[in-house]
Amino acid sequence: MKRLIIAITGASGACYGIRALEMLRDIDGIESHLIISPAGLRTAIEEQAVESADQIRQLADVDYSHKDIGASIASGSFRAHGMLVAPCSIKTLSSIAHCYNDDLITRAADVCLKERRRVVLMVRETPLHAGHIALMDQATRNGAIIMPPVPGFYTQPKTLADLVSQTVGRALDLFDIDHPSVRRWKQEGDA
């Protein structure tokens, strides 16, 4: 079984992390491990009409307190396929770039990086200043993959949900996790 860690942090775009959890439930052989920061929960409540953390936590196979730096996923001996931070706040990006492991999200990301596992950061900020770009450069040098949730329009999305699902599906592609809803460029059967 593949294990994928999903972190939801305090940037706008909690829909990406929530949709990732929903999509992973559709795929056999994937176990999701969730960490949500207090700012991530607040953003989810504001943006997604979520009333409590439990609504999000129920989507995951396993969930952790963001404060529990002694959790199993904080150790390199925990076998995970990688980690998706969706969305990734600039604060979280900064912590990952500088190996500042003050909570479970940044500790789990650092562990994945040191073990040479994939860490995908859906950085959700715009416009960017030089400090943001430098942080993305440093995180990339540490081994992370920066994937701002910039939608592709070749799929001719009809709804916001279509855009979110396609973007999350492409993020899951980076872990070699294929979701059947992802549309490919010039996919067989397309006109």
Give the residues of segment 110-149 whose amide nitrogen is closer than 13 Å to a point set 7 Å from the Cα of ASP176 in the direction of its Cβ. 117-118
Report the one residue of GLN166, MET122, ALA14 whose Cα lies farthest in the direction of the positive end of the charge dipole of the chain (charges on C-beta: Lys and Arg +1, Asp and Glu -1; origin at the Cα centre). MET122
Which shape class applies to the chain: rounded if a/c is under 1.5, otherwise prolate when a/b exceeds b/c and oblate if not, where a ≥ b ≥ c are the square roots of the Cα gyration tensor eigenvalues? rounded
If I take every Cα pair under 8 Å that is 6 or more residues apart in segment 1-69, average their sequence separation and divide by the length, what percent do I get for the relative contact order? 38
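Express the relative contact order of the chain as a whole percentage, based on alpha carbon pairs under 8 Å and six or more residues apart in sequence. Display every interim value, and only then the final one.
On the way: 347 pairs, mean separation 41.6, N = 191.
Over the chain, the number comes to 22 percent.
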What is the set of long-range amide H partners of ILE145 at a cut-off below 5 Å, with H atoms built 1.01 Å from backbone N? VAL119, VAL120, LEU121
Could you let me know the centre-to-centre spacing of segment 94-115 and segment 1-28, using Cα atoms, in angstrom? 18
Sequence order, segment 152-164: Karplus ³J(HN,Hα) from phi using 6.51 cos²θ - 1.76 cosθ + 1.60, θ = phi - 60°, Hz rounded, Gly and Pro as x, gives x, 9, 5, 7, 6, x, 9, 9, 4, 4, 4, 4, 5
Taking amide H atoms as placed 1.01 Å from N in the peptide plane, list the residues 5 or more away in sequence, or in a different chain, whose amide H sits under 5 Å from that of ASP63. LEU34
Which of the lysines could a cross-linker span from LYS114 if the Cα-Cα distance has to be under 26 Å and same-chain partners fewer than 8 positions apart are dropped? LYS2, LYS67, LYS91
The ³J(HN,Hα) series, computed from each phi in segment 167-179 with the Karplus coefficients 6.51, -1.76 and 1.60 at θ = phi - 60°, rounded to the nearest Hz and given as x for glycine or proline, is 5, 5, x, 5, 5, 5, 3, 5, 9, 6, 10, 9, 9
Excluding ligands, DNA and RNA, the carbon-plus-sulfur percentage of the accessible area of the chain with a 1.4 Å probe reads 49
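The values are calculated or read from the model by the stated rules, or taken from the named source; none is laboratory data. Please read these numbers as outputs of a predicted model, since none were measured by experiment. Every residue, glycine among them, receives a Cβ derived from its backbone with ideal geometry; neighbour counts consider all protein chains shown. For the accessible areas, the whole protein counts, side chains as well, though only heavy atoms, and no ligand, DNA or RNA atoms are used. Shrake-Rupley method; radii C 1.70, N 1.55, O 1.52, S 1.80 Å.
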